[in-house]
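The values are calculated or read from the model by the stated rules, or taken from the named source; none is laboratory data. Just so you know, these numbers come straight off a predicted model, no measurement behind them. Neighbour counts are summed over all protein chains in view; Cβ atoms, including those assigned to glycine, are modelled from backbone coordinates with ideal geometry. These accessible areas exclude ligands, DNA and RNA; they are computed on the full protein's heavy atoms, side chains included. Shrake-Rupley method; radii C 1.70, N 1.55, O 1.52, S 1.80 Å.
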Amino acid sequence: MNCRLNTGGNKTAVRFLEITDCELKQNQEDGMKILLIAMNAKYIHSNLAVYCLKSYAARRGIETEIAEYTINHRQDDILMDIYQKKPDVVAFSCYIWNLDYVEQLMDEYHQICPEVPIWVGGPEVSYETEAFLKAHPQVTGAMVGEGEETFLELCENYAKAGAGAKAGKVDFPGIKGIMYRAGESLVKTGARE
């Protein structure tokens, strides 16, 4: 089967040729699951950021899943639901109204599934990223600033690396707009233009 990604003449889409549509779909079929987690203030609220990230990634061939909860849900119920979804990567959306709750969930989830990379994004982690990551050693990294392209590249790199025992190395230095752990150090990549 000959799989090619049509760039439609868009210069920014040329980078997609490095990762073929076949590679991405094969790794996702092999079990790659990226879970976007939103903690809303109330049931009637919805986190538009995770829907924008999901939509942006989906239009480029990356499937993600959204898990939405409220800060009124029991933490144990949320942890059980996330665990049952069996994600390979989790990404929390952080805002002023949910940060304390998200921090608790990340701590607990990491104890249950220490091998699952935890990423964060949103305004509450974009401005004091280094301090946040130092305070939360269980977090793999943070997306800084607007997240659509950054999240897409992160997903592409995880999809290319694969999931579970077959997982390869993720190319974090090649992703603009993140701060991540490299051993004991924190590394910030270049900003998005």
Discussion item. In whole Hz and in residue order, list the ³J(HN,Hα) couplings for region 156-162 that follow from phi through the Karplus curve 6.51 cos²θ - 1.76 cosθ + 1.60, θ = phi - 60°; x for Gly and Pro.
Written reply: 4, 5, 5, 5, 5, 6, x
Fill in: Distance violations [Cα-Cα > 18 Å] among K33/K160; K33/K85; K33/K176; K134/K176
K33/K176; K134/K176
Worksheet, complete the sentence: Once phi for every residue in region 66-75 is put through the Karplus expression 6.51 cos²θ - 1.76 cosθ + 1.60 (θ = phi - 60°), the whole-Hz ³J(HN,Hα) values, with Gly and Pro written as x, are 10, 10, 10, 9, 10, 5, 8, 6, 6, 4
Discussion item. Using a Förster radius of 22 Å, what is the FRET efficiency between A58 and K85 based on their Cβ-Cβ separation? Nearest 0.05, please.
Written reply: 0.80
Worksheet item: Ordered by residue, what ³J(HN,Hα) values in Hz, to whole numbers, does region 138-145 give under the Karplus form 6.51 cos²θ - 1.76 cosθ + 1.60, where θ = phi - 60° and Gly and Pro are x?
Response: 7, 8, 5, x, 10, 8, 10, x
Practice prompt. Beta carbons within 10 angstrom, averaged per residue: use that to sort the peptides 75-83, 185-193, 171-179, highest first.
Written response: 171-179, 75-83, 185-193
Worksheet entry | Which of R60, R74 is most accessible, then next, and so on - probe 1.4 Å | R74, R60
Practice prompt. Would you grab the residues whose amide H sits under 5 Å from the one on N40? Only those 5+ places off in sequence or on another chain, please, with H modelled 1.01 Å from N.
Written response: Y69, T70, I71
